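See structure below.
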Amino acid sequence: MRKGVRQGATLGQGVRSYMPKHRGQREGPPPSPPGSGVVGDDVGKHATPYGGFACLEVSGGLRRSVIAAQEKIPKAWLYEGEGARDGIVKDLHVTLLLKVPNHYNEAISGLRKAAESHPKVEYTIAPPEVSACSRIKTAEVICVSCSVVSPHVESLRSHCMRAVESYCRYPGAGHLTLAYVHKRFEEPLNRLVEEINGGTDWSKVTGVASSVSLRMRRDGTHQLALGAA
């Protein structure tokens, strides 16, 4: 596990803080307009109401490895309040697009065509790390998460952004959240994550996505097959 704290972080040793920079501490150039295929953090803040989001569901061997890591986190450490449900993330997914607009038929049609014209994607994840969680304001919470490693996921996100007005504030290929933990357990959690990473070679655990999961408020989930064209 990498040590040290990013510039601007206030948590203890071993804790990385990536969420604040996505919200108020932007790195790199300003966000591009919706539909441009470029990731940005403020792009989706416009008048168009949103109807859902798009993601890749984690399955197969990668899912089993992640669940094995999750099961090692003591239940007493978990934050189960607002914004985190039961502490352990059971709905394992990698976000592709946030706030898909509520132009229902256009969103479904555009993303289906984009998915069909893009091949299936493979990806790996970096070793789990303890990160700050600025999204939850009602308690002091940290999370266990992994960066996704794949140029194919980045390519798919850009491909989808050209098909439908949306955005995603996460840099690179995104990340996978495993659990939300009370900050008071930061030190033992760091030690546990080091133990987990010592027993798993994450670079050899590969995820394969054969579809885009489009989750719409209106009528639930649509699985859009990749490479079906």
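The values are calculated or read from the model by the stated rules, or taken from the named source; none is laboratory data. This is a predicted model, so every value here is computed, not measured. In this analysis, Cβ positions are derived from the backbone assuming ideal geometry, glycine residues included, and neighbour counts consider all displayed protein chains. These area figures cover heavy atoms from the full protein model, side chains too; ligands, DNA and RNA do not enter into them. Shrake-Rupley method; radii C 1.70, N 1.55, O 1.52, S 1.80 Å.
Could you tell me which of the pairs Lys99/Lys120; Lys72/Lys99; Lys75/Lys120; Lys72/Lys120; Lys183/Lys204; Lys75/Lys204 are separated by over 26 angstrom between their Cα atoms in the structure shown?
On the way: Lys99/Lys120 23 Å; Lys72/Lys99 33 Å; Lys75/Lys120 36 Å; Lys72/Lys120 31 Å; Lys183/Lys204 30 Å; Lys75/Lys204 28 Å.
Over 26 Å apart, Cα to Cα: Lys72/Lys99; Lys75/Lys120; Lys72/Lys120; Lys183/Lys204; Lys75/Lys204.
Around His152, what is the net charge, scoring Lys/Arg as +1 and Asp/Glu as -1 over all other residues with Cβ under 9 Å from its Cβ?
-1
Taking Cα centroids, how far is the stretch 82-104 from the stretch 48-79 in Å?
Cα centres, the stretch 82-104 to the stretch 48-79: 10 Å.
Among 123-135, 190-202, how do they line up from the highest to the lowest mean number of other beta-carbon atoms within 10 Å?
The most tightly packed comes first, giving 123-135, 190-202.
Grab the beta carbon distance between Asn197 and Asp91, set R0 = 22 Å, and tell me the FRET efficiency rounded to 0.05.
Calculated value: 0.40.
With labels modelled as points extended 7 Å from the Cα through the Cβ direction, what inter-label distance (nm, one decimal) is found for Arg218 paired with Lys72?
Rounded to a tenth, the inter-label distance reads 4.5 nm.
Summarise the accessible area of the stretch 113-228 (1.4 Å probe, protein heavy atoms) by the percent that is carbon and sulfur.
47 percent
Averaged per residue, what accessible area in Å² does the stretch 43-145 show with a 1.4 Å probe, protein chains only?
47 Å²
Which distance in nm do the two modelled labels at Asn105 and Ala139 give, with both placed 7 Å along the Cα-to-Cβ direction?
4.5 nm
Calculate the spin-label point distance for Ser211 paired with Ser155, positioning each point 7 Å from the Cα along the beta-carbon direction, and give it in nanometres.
Placing both labels 7 Å beyond Cα along the Cβ direction yields 2.2 nm.
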